[in-house]
């Protein structure tokens, strides 16, 4: 097992050891002053990428190499370079990389071998881009249709499905040398608040948690997962005092380490999320997370918060609040996994000169996407008639968030239909929360079109989308198709719709898959990985 320093004559200083316990983000396409300062002054342990850091795959490979070179020049350790590349709706890297289907789409395909193959492709491409740690897969069980943050990031609603898919995903990533980080422990699926903005509470008993929420994590631990990310969620059965899991000794040490025997890395979710930052604050949060048992503290955005958190931990050790032996324990674990996954200066991959996304990788993504499209309801039973007018209503994400990615208009359903059909298809763009005026305008634009397809996006949370669909369905002269471009639960808002498909994501590949189904070129073979109602249970598809 490696020592706390690769050079025993020059052991790490306290500042360097604390620095190893932090992964931080920055705001540019190349190393800027902020991330350089953190690496040079604190011996930073790792970096996290977001879309703000990514132009394309080759640019990212250069960026990774530059960051590692800064760490080497400053006498630091090789960096963890991390990303949230979940696939589907949460994919930070697109251009030049293979955009693979997300978890619920894979759950709809019911193909564990496909999940493994997909994760291997993802892992291979990430390592080529210098990324050695993926904050994926999500092992949250999505059994609450009102969950605003998990949804299609989950494989489905049962412990068995999520456990099976998740263990295959972990193995695929780790077989390619990428640290898999399952999240969000002990489970974020049955919440109706977003921990980016609030502090959710899960009220269930310990018996229920062991049977459901914790089951996929237990399987992942048994399968040898490298890392687990904590949830900023309160579990009343485990913490009586309203302490979120990220800061809970009972959850991270007594449950995860001692009861579940997890030996790998414990990583916090970002401490700048409001569940922490607007409570006890980022600096105190970092101290308490380490006291609870975390090995790696994630602070993704602001330099002042990153510096204050690192300095606060250093001061806590110097004052005796945190024993230095506690720091040594985590740093040794960090070094062990850097060594295990060959995150060493002498093993860093060269910058690739050939394309990172290959035809073979793209073919796999296409095949998995094809298998995911689910025909839930179809009382009309016909394909689109290209000799009649068609209009597509595209519900558009105009501003990206931590869990919503913007789709370029060249990747919409209208674009896919136009290309496959070989003729222009009219497309109307709709906001996520359309006003009555916007709804009326879209309805007017649909006049004279006998075939209308609307791609909804979490209509459960949008009265405007639901109102538009209900108005369209009342028009007997029009054939109306609804396709859920994210959560499949949208059907419950307008059960009177006659034709309904679940796509689980509105990414370009999913829209191509849907277009082929609507034009009769492919059959929809996906099955629901969640229950919509008694009429449409998990496993349902209309044959």
* Selection from segment 216-230 of residues that are without any contact (Cβ under 8 Å) to a residue 60 or more places away in the chain and outside any strand (DSSP E or B) -> 218, 219, 221, 222, 223, 224, 225
* Asked: Residues 356, 403, 373: which one is modelled with pLDDT of 90 or more, closer than 23 Å to residue 134 by Cβ and surrounded by 16 or more Cβ atoms within 10 Å (Cβ to Cβ)?
  -> 356
* Structure fact -> Over segment 486-523, the set of residues within 24 Å of residue 367 (Cβ to Cβ) and in a loop (DSSP other than H, G, I, E, B) is 486, 487, 503, 504, 505, 506, 507, 519, 520, 521, 522, 523
* Selection within segment 64-91 - closer than 18 Å to residue 37 by Cβ and more than 22 Å from the chain's Cα centre (by Cα) -> 66, 67, 68, 69, 70, 71, 72, 73, 74, 75, 76, 77
* Structure fact -> Considering residues that are touching a strand residue (DSSP E or B) at 6+ places or on another chain (Cβ under 9 Å) and farther than 14 Å from residue 232 by Cβ, the number found within segment 267-294 is 2
* Sole exception among (1) within 23 Å of the chain's Cα centre (by Cα); (2) modelled with pLDDT of 95 or more for residue 336, by number -> (1)
* **Filter pass, residue 288 being under 30 Å from residue 210 (Cβ atoms) and in the same structural domain as residue 150 (by TED's automatic domain parsing)** => yes
* Structure fact -> The condition from (1) assigned to a helix (DSSP H, G or I); (2) touching a residue at least 12 places away in the same chain (Cβ under 8 Å) that residue 348 misses is numbered (1)
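Applying the selection to segment 16-36, what residues are touching a helix residue (DSSP H, G or I) at 6+ places or on another chain (Cβ under 9 Å) and closer than 11 Å to residue 306 by Cα?
19, 22, 24, 25, 26, 34, 35
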* **Check on residue 65, assigned to a helix (DSSP H, G or I), under 21 Å from residue 348 (Cα atoms), in the same structural domain as residue 28 (by TED's automatic domain parsing) and out of contact with any helix residue (DSSP H, G or I) (no Cβ under 8 Å at 6 or more places or on another chain)** => yes
* segment 110-168: number of residues that are in contact with a strand residue (DSSP E or B) (Cβ under 8 Å, 6 or more places away or on another chain), under 21 Å from residue 356 (Cα atoms) and part of a loop (DSSP other than H, G, I, E, B) -> 5
* Here are 151, 107, 123: which of them is modelled with pLDDT under 95 and crowded, with 24+ Cβ neighbours inside 10 Å? -> 151
* Structure fact -> The residue that is modelled with the lowest pLDDT, considering only those in segment 179-207 that are crowded, with 22+ Cβ neighbours inside 10 Å, touching a helix residue (DSSP H, G or I) at 6+ places or on another chain (Cβ under 7 Å) and part of a loop (DSSP other than H, G, I, E, B), is 195
* Asked: How many of the residues in segment 21-61 are surrounded by 16 or more Cβ atoms within 10 Å (Cβ to Cβ), touching a residue at least 60 places away in the same chain (Cβ under 8 Å) and over 30 Å from residue 322 (Cα atoms)?
  -> 5
* Among 383, 452, 439, 407, which is the only one that is touching a strand residue (DSSP E or B) at 6+ places or on another chain (Cβ under 6 Å) and under 30 Å from residue 533 (Cβ atoms)? -> 452
* Kindly indicate whether residue 384 is in a loop (DSSP other than H, G, I, E, B), closer than 27 Å to residue 65 by Cβ, in contact with a helix residue (DSSP H, G or I) (Cβ under 7 Å, 6 or more places away or on another chain) and modelled with pLDDT under 95. => no
* **In segment 454-477, the residues that are buried (at least 19 other Cβ atoms within 10 Å of the Cβ), at negative phi and either in the same structural domain as residue 146 (by TED's automatic domain parsing) or not in a helix (DSSP H, G or I) (or both)** => 454, 455, 456, 457, 462
* To do: Check 503, 446 and return the single one that is at pLDDT below 95, touching a strand residue (DSSP E or B) at 6+ places or on another chain (Cβ under 6 Å) and either surrounded by 19 or more Cβ atoms within 10 Å (Cβ to Cβ) or within 16 Å of residue 152 (Cβ to Cβ) (or both).
  => 446
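The values are calculated or read from the model by the stated rules, or taken from the named source; none is laboratory data. Computed from a prediction, not measured in an experiment: that's the story for all the values here. Don't worry about glycine lacking a Cβ; one is built from the backbone with ideal geometry, like all the others, and counts go over all protein chains shown.
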